[in-house]
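Read the structure below first, then the notes.
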Amino acid sequence: MHKAGFVNIVGNPNVGKSTLMNLLVGERISIATFKAQTTRHRIMGILNTDDMQIVFSDTPGVLKPNYKLQESMLNFSQSALVDADVLLYVTDTVEKPDKNTDFMEKVRNLNVPVILLINKIDLINQDLLVKLVEDWHEMLPNAEIIPISAIAKFNVDVVMKRIKELLPDSPPYFGKDQWTDKPARFFVTEIIREKILLYYDKEIPYSVEVVVEKFKEEDNCIHINAVIFVERESQKGIIIGKQGKALKKVATEARKTLEHFFGKSIYLETFVKVDKDWRSSDKELRNFGYQLD
């Protein structure tokens, strides 16, 4: 008998969802950085074995939207509640159960198995953990609670075992050789965005979107042209840096990661353009692939 299903990962920003997804899928699919709000889309990672297909879905952190881009991010998170066969709700040892009560209410009313993962337990003592488990049990009485540490890979195998037990009998949803639902270009934009998150401060990373204008693959190399869009002229200057040094650093680091990711030589050209207030424009957000309704 073959099992298959959708395992959707939700939770507030910065609790370790992307790190966990990478461990479960075994591929570096979601950007995992130390800054909040790094995942903007819903990204699927597909794990295949002979008798099973698990379609993991990483979603943006749940937040109260302040602008159009964040509304789209919340739509991705809420859509993950609709089609899950198993829901993984990730929290950590700092977060209180009463944060985001509207979203928790939706989770509480789900008719699918919910596994609540308390991440980062390496940062807390046993007594506090016991109290936290009790508080969460009160908030989500039907959820199964598993304390984990994604960084230390503690209890991740227990989570995986439980997911396998809960999966429904079903033929695969995707081809058995497929490991994500996203095209190659998508990962180019995410990897460049990751480097921008690492090398620039303050609002810059959140004002940036990356578009791949050329992706030409040959036997042993890939030619890529990417445009980094910012909202203002001043941000363009910051991205490029003095004598172009900042942009060159981002491009070099992105190229190294892309070569590792695709297993080929990469020729990467990057350009910076201003697209005024793109985060608040329906038309621009749709062009960048965000889901608005």
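The values are calculated or read from the model by the stated rules, or taken from the named source; none is laboratory data. Please read all numbers here as calculations on a predicted model, not as lab measurements. Positions of Cβ are generated from backbone atoms using ideal geometry, with glycine treated the same way; all protein chains shown enter the neighbour counts. Please note that ligands, DNA and RNA were not included when accessible areas were found on the heavy atoms of the full protein model with its side chains. Shrake-Rupley method; radii C 1.70, N 1.55, O 1.52, S 1.80 Å.
Details
- Residues N225 and D282, FRET efficiency given R0 of 25 Å [Cβ-Cβ distance, rounded to 0.05]: 0.40
- Taking only Cα atoms of region 126-189, radius of gyration then Dmax in Å: 17.4, 47
- Rough spin-label spacing in nm, given labels placed 7 Å along Cα→Cβ, for V158 and T101: 3.1
- Fraction of accessible area attributable to carbon and sulfur, region 162-251 (%, probe 1.4 Å): 52
- Note that region 89-142 shows a convex hull volume over its alpha carbon atoms of 70 Å³ per residue.
- Translational diffusion of region 100-226, estimated by Stokes-Einstein from the Kirkwood radius over alpha carbon pairs at 37 °C in a medium of 0.692 mPa s, is 171 µm² per second.
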